[in-house]
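Student: Below: one structure in structure tokens.
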Amino acid sequence: MTILNIFVRPDRALIGMDTTVVNSQGGKSFEANKFGVLPESGLFMGWRGDTAAGAILFAECLAAQCYIDFDVIEPEMPRLIVETLKIRHQQRIDQGAPPEVLSSPHCHNIQVGLVGWSKSAGRMRGILFTKQGEAGDVGAEPISATGIIAPGDIIAPSLRKPVSSVAAMERVARAQYNAAKAKGDSLGGGFGGALLLIELERDQVRIRRRRIFEKPVG
């Protein structure tokens, strides 16, 4: 379970993510990166689900130079996500993953937040792509002014309002962590480590690291 909070304004996006990853086979947690940024094109990509799949997806975007622009990559994302999950599934087979891992919904589910400067719109834009199940289509949901708080249903409704400051993002993330800790393992995964705060503008990216969690949850 990854924290992925995204709030987009015309001139700026504020994103919060944690750093903890839980090994699907061993169940152990460790810290890892779950996003990528391209400062030269004002582009951010963060993912919930299989960490390796997200890294493959971002690498595919880097390898294809025509995809570094938000307006170009946005319509290509559904295809890239499907292809990435196929590549990742074959990797698991080649690595000898047991049948229970190969058949797990986790192997075919991913959420990808794409945020960046849209030349056509003349503003920052955000899209949340969701793939659930091997046969399911990739859904695309524009990130509106209310933003995305994930997981959001575990915190108080009063906290699910647009976040416009680093301090407010820290409060939301701390509430998510505390709620998950109270639920124990029922969230089906873990998050924690550090909170990474990404401030994205057309011509710059700022990343801050905050140690606001005690230990991984999950």
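The values are calculated or read from the model by the stated rules, or taken from the named source; none is laboratory data. Because the structure is a prediction, the values reported are computed rather than measured. Backbone-built Cβ (ideal geometry, glycine too); neighbour counts: all protein chains shown. Calculation scope for accessible area: heavy atoms of the full protein, side chains included, ligands and nucleic acids excluded. Shrake-Rupley method; radii C 1.70, N 1.55, O 1.52, S 1.80 Å.
Student: Using a 1.4 Å probe, what is the accessible area per residue for the chain, in Å²?
Tutor: For the chain, the per-residue accessible area is 47 Å².
Student: A further question follows. Given the rule -39500 (n - 2.57) for each run of at least 4 DSSP H residues, summed and divided by the residues of the chain, what is its mean residue ellipticity at 222 nm, to the nearest 500 deg cm²/dmol?
Tutor: Helix contribution divided over all residues of the chain: -9000 deg cm²/dmol.
Student: Out of PHE129, TYR177, LEU80, whose Cα points farthest toward the positive end of the dipole of the chain (charges: +1 Lys, Arg; -1 Asp, Glu; placed on Cβ)?
Tutor: The listed residue farthest towards the positive side: TYR177.
Student: Could you sort ASP153, ASP71 by accessible area so the largest value comes first, with the probe set to 1.4 Å?
Tutor: Values: ASP153 125, ASP71 40 Å².
Ranked from most to least accessible, the order is ASP153, ASP71.
Student: Check which residues have an amide H placed less than 5 Å from GLU31's amide H, if you skip close sequence neighbours.
Tutor: VAL21
Student: What is the percent carbon and sulfur in the accessible area of region 98-178, measuring with a 1.4 Å probe over the protein chains and ignoring ligands?
Tutor: Details: 2090 of 3920 Å².
Here carbon and sulfur together make up 53 percent of the probe-accessible area.
Student: Let me ask you something else. Using each residue's phi in region 135-146, evaluate 6.51 cos²θ - 1.76 cosθ + 1.60 at θ = phi - 60° and report the 3J(HN,Hα) Karplus result to the nearest Hz, with x for Gly and Pro.
Tutor: Residue by residue, region 135-146 yields 9, x, 6, 8, x, 10, 10, x, 7, 7, 5, 7 Hz.
Student: While we're looking at this one, here's another question. Given H placed on each backbone N at 1.01 Å, which residues far from LEU4 in sequence or on other chains put an amide H within less than 5 Å of it?
Tutor: Residues meeting the amide H criterion: ALA150.
Student: Could I ask something else about it? Please check: in the Gaussian network model of the chain (C-alpha springs, under 10 Å), which one of LEU114, LEU200, LEU62 has the largest mean-square fluctuation.
Tutor: LEU62
Student: In terms of modelled amide H atoms, which long-range or inter-chain residues lie less than 5 Å from the amide H of SER118?
Tutor: Counting only residues 5 or more places away or on other chains, the set is ARG123, MET124, ARG125.
Student: Over the chain, with a Gaussian network built from C-alpha contacts below 10 Å, which listed residue (GLY192, GLY122, GLY16) shows the highest mean-square fluctuation?
Tutor: In the Gaussian network model the winner is GLY122.
Student: Another question about this same structure. Step through the table entries LYS119/LYS181; LYS131/LYS181; LYS34/LYS183, compare each Cα-Cα distance with 30 Å, and write down the pairs that go over it. Intermediate results must be reported in sequence, preceding the final value.
Tutor: On the way: LYS119/LYS181 42 Å; LYS131/LYS181 27 Å; LYS34/LYS183 23 Å.
Distance filter (> 30 Å) returns LYS119/LYS181.
Student: Further question: What do you reckon, how do GLU170, GLU40 stack up by accessible area (1.4 Å probe), largest on top?
Tutor: On the way: GLU170 35, GLU40 125 Å².
Ranked list, largest accessible area first: GLU40, GLU170.
Student: Based on DSSP, what percent of beta bridges with both residues in the chain are antiparallel, to the nearest 5?
Tutor: Taking every DSSP beta bridge within the chain, about 100 percent pair in antiparallel fashion.
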